[in-house]
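Everything on this sheet refers to the single structure shown next.
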Amino acid sequence: MKMIKEFIKKNWLTLAGILIGAIGGYLYWRYVGCTTGTCPITSSPVNSSLWGAVMGGLLLNLFKPGNTAKKVD
């Protein structure tokens, strides 16, 4: 249980991005979506939510403290 708490504390920003992205992906499917059903991402709520979760996690992971580039001499 302690490991889970530490993981969440360390990665809370990325996890929040995943949750927000999944909700955003679902809402995009629900209100915009694909009328023909041939769109690979927005034709189903699962695909749209997963795509949103990945994009949200990657986006908010950029702002995670400690993600600095190391200078190579």
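The values are calculated or read from the model by the stated rules, or taken from the named source; none is laboratory data. Just so it is clear, the model here is predicted, and its values are computed rather than measured. Every residue, glycine as well, gets a Cβ built from its backbone with ideal geometry; the counts of neighbours run over all protein chains shown.
Odds and ends about this structure:
- Taking region 26-42 as the range and being free of Cβ contacts under 8 Å to residues at least 12 places away in the same chain and of a type in the set (Gly, Ala, Ser) as the test, only 37 passes.
- Condition met for residue 49 (surrounded by 17 or more Cβ atoms within 10 Å (Cβ to Cβ), of a type outside the set (Val, Ile, Thr) and either part of a helix (DSSP H, G or I) or without any contact (Cβ under 8 Å) to a residue 60 or more places away in the chain (or both)): yes
- Qualifying residue in region 36-44 (condition: under 14 Å from the mean Cα position of the chain (by Cα), surrounded by fewer than 17 Cβ atoms within 10 Å (Cβ to Cβ) and hydrophobic (A, V, I, L, M, F, W, C)): no
- Annotation note: of 57, 33, the sole residue that is under 9 Å from the mean Cα position of the chain (by Cα) and either closer than 12 Å to residue 16 by Cα or not in a helix (DSSP H, G or I) (or both) is 57.
- Matching residues in region 17-27 - criterion: being within 9 Å of residue 45 (Cα to Cα), surrounded by fewer than 20 Cβ atoms within 10 Å (Cβ to Cβ) and of a type outside the set (A, V, I, L, M, F, W, C): 26
- Yes/no for residue 71 being in a loop (DSSP other than H, G, I, E, B), surrounded by fewer than 17 Cβ atoms within 10 Å (Cβ to Cβ) and over 9 Å from the mean Cα position of the chain (by Cα): yes
- Cross-chain or 6+ apart pairs with Cβ under 7 Å, region 4-17 first and closer than 11 Å to residue 64 by Cβ, then among the basic types (Lys, Arg): 13/64; 14/64
- Residue check for residue 45: modelled with pLDDT under 85 and closer than 27 Å to residue 11 by Cα: no
- Consider region 10-40 and keep the residues that are in contact with a Ser or Thr (Cβ under 6 Å, 6 or more places away or on another chain) and hydrophobic (A, V, I, L, M, F, W, C). The one that is nearest to residue 59 (Cα to Cα) is 22.
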